[in-house]
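Read through the structure below, which is laid out as structure tokens, and then see the notes.
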Amino acid sequence: MSDPAAQALQPRLHQAQSGGTAGSNAAAVGSGSGNSDPVRPGLSQQQRASQKKAQVRAFPRAKKLEKLGVFSACKASDTCKCNGWKNPQPPTATRSMDLQQQAASLSESCRSCGHALAAHVSHLENVSEEEINRLLGMVVDVENLFMSVHKEEDTDTKQVYFYLFKLLRKCILQMSQPIVEGSLGSPPFQKPNIEQGVLNFVQYKFSHLAPRERQTMFELSKMFLLCLNYWKLETPTQFRQRSQKDDGTAYKVDYTRWLCYCHVPQSNDSLPRYETTQVFGRSLLKSIFTVTRRQLLEKFRVEKDKLLPEKRTLILTHFPKFLSMLEEEIYGDNSPIWEADFTMPASEGGQLVISPAAVSGSPSFSKGMNSGSSLGSLGLDSGVAEPMTGEKRKLPEVLTLEDAKRIRVMGDIPMELVNEVMMTITDPAAMLGPETSLLSANAARDETARLEERRGIIEFHVIGNSLSQKSNKKILMWLVGLQNVFSHQLPRMPKEYITRLVFDPKHKTLALIKDGRVIGGICFRMFPTQGFTEIVFCAVTSNDENTEIIYLGKLDLMGYGTHLMNHLKEYHIKHSILYFLTYADEYAIGYFKKQGFSKDIKVTKSRYLGYIKDYEGATLMECELNPRIPYTELSHIIKRQKEIIKKLIERKQSQIRKVYPGLTCFKEGVRQIPVESIPGIRESGWKPSAKEKTESHNNCVVVFLSQTHPDAWPFMEPVKKTEAPDYYEIIRFPIDLKTMTERLKNRYYVTKKLFIADLQRVITNCREYNPPDSEYCKCANTLEKFFYFKLKEGGLIEK
């Protein structure tokens, strides 16, 4: 460059290439390398830039003018074209110039034009210190961008860096505010933005959940938005290589906007900065979601040890599923979350009201933005976060009905164990590929249809005829296709009747579209005032490789019928209608039973009489919807639950296979024992009843009191051979209070009979070995009375 300012920056560039601090800082602006935070590629650059600016702003006034003179045009005469003062004695290193070199005198001549430094900074004579510091901040940013231009290898990125370099350079000369000009436009670039769309998604998909579960989904959305705001996007060249069908023109524009308004300003705060998720919308998200999702999940998987333990399961298990569901709404043609007037009807359990302000202002969210260098320090709360403004704070003791029920259930599997099992059956790396094998014998009935929808092979649209609006040609073609499907699959139904209902404006049809043509649908009529919907026609046909698939009581090989009904259920839950009624003929009863329909009608006859059509020879069936169930994902959830249970059973079986020592009680004269006393039974999951627990407690009390009795001294410990050499020859089954205490600790006494037998043996052994008038027998007689008194008192024997 011929620019004196650029020539003055050459020592900095050489230092950067040799590994200097300033060089690594500038390189980080372009490449995102050298940072300490794997989620926030701009954090360390921003810190280094802030430190550098603080140093420069602490310079004396004379040294500040010298630094600004490098970027200031000479004003000695109108004929002088010098646009930056050059030190006649340039320092050999940047650090010595900034920190050790004495400030140049204002009379010092410029090495380029020969005029004094004062001629270059005369316009700064009466400028305030605040404005001087602002200009110095731009100087530091210019230095960083200068080195980024030289170090960046991508052509598109290099051009943007050079444009921003020249923009800030011009603003220093003109003492103006930097404004990005040209055809890029001004933020925001699309509405609704990504942040609003994601929050709409949370309400759309999870508003039916319990408050704690909804809050968890909200926290996951905040984490995703946080990562997206600090994620480094792929270059246009990389995008074109990955998306060969797209020439990348639109993405290049968005990428340039992202660099100018979001990425570069993270570490160059002279430029106005915007959050990626607040200025971009669905278009950019469509371009980057697939690759960003893969990179994000891989980073979490590789760095899972850095995650906080309480967040690990949430991030590795629930976050991938959250992203999969979000992906459907990003690429789905009929997703409502991107509509400008998106609203959710109020549900019975209330809604979690969230807004962009709640995201950016959330304490835990801010904490995540200012946390340390590991993934585990993300501000993600898996529980219930602090209430937002205007929301009544509930006492922590207050539990939901579901929580109360869960607490009362005996033998629940600990969540820690379930989470551990989930880790074994859910490999985050595997999630990036196909979710399941379509040939698996355990695949859900609608698995094929569900995956085809995700891949865009099939689509679902709720359509209907309208007499008040202009006819849509595509909708009309679909309605004709539906009339043909229903007529073909329901030959006993008059074609005129089918046509009249399909094109009736009061009826709607959920159409199944594949390759642009209708292959099935469910025609229905909603009665909101009565709280139910009547299903009129329901049929699917598909001609793939000359194989006709009809499901009304016959075949549903592809799962289209099941998935179609599940979509209809979710559509009605969204519209607060929770009952289906239909008349099913003998061929359709089997299908409707599989979809949750029953002949037991709960809707009162007065609600539907006169509203629905009566069919001769058909059976009235009803289906009650549960607003808490995500029907389109239900089979996948149940499959996952089965996998969890299977793993838990395998774990329990592996523990049961442990070999325990044999029983020794039979050698001691015991004839029979209960099954519960077999070693390993408790470990396999058996738990004593409340009565047995009480008996065990009473046993402990009896033994403890016996040991404190004044006549218990002969029976406290096993008899020593030194005191009675022939004792163990006469007594075959010795017992004492110390041994009984150990047996209590080891849960030997699984029944009261075993316990009483040992107590009685203490007395019997004493009488068998000692004379009746001996002191030992007298103690035994006294202790025996005490034993039975306490046994009766504790309820172990009848009084």
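Numbers for the structure displayed
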item: ³J(HN,Hα) computed for each position of region 72-84 - Karplus, 6.51 cos²θ - 1.76 cosθ + 1.60, integer Hz, glycine/proline x; result: 10, 6, 6, 10, 5, 8, 5, 7, 6, 9, 5, 10, x
item: For residue 520, distant residues with modelled amide H under 5 Å away; result: 512, 541
item: 37 °C / 0.692 mPa s Stokes-Einstein diffusion coefficient of region 194-331, Kirkwood radius on C-alpha pairs, µm²/s; result: 203 µm²/s
item: Computed E for residue 333/residue 713 - FRET, C-beta separation, R0 60 angstrom, nearest 0.05; result: 0.10
item: Environment charge at residue 131 (Cβ cut-off 15 Å; Lys +1, Arg +1, Asp -1, Glu -1); result: +3
item: Region 194-331 - percent of accessible surface contributed by carbon and sulfur, probe 1.4 Å; result: 47 percent
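The values are calculated or read from the model by the stated rules, or taken from the named source; none is laboratory data. A quick note: this is a predicted structure, and the numbers were derived from the prediction, not measured. Quick reminder, even Gly has a Cβ in these numbers, built from the backbone with ideal geometry, and neighbours come from all protein chains shown. These area figures cover heavy atoms from the full protein model, side chains too; ligands, DNA and RNA do not enter into them. Shrake-Rupley method; radii C 1.70, N 1.55, O 1.52, S 1.80 Å.
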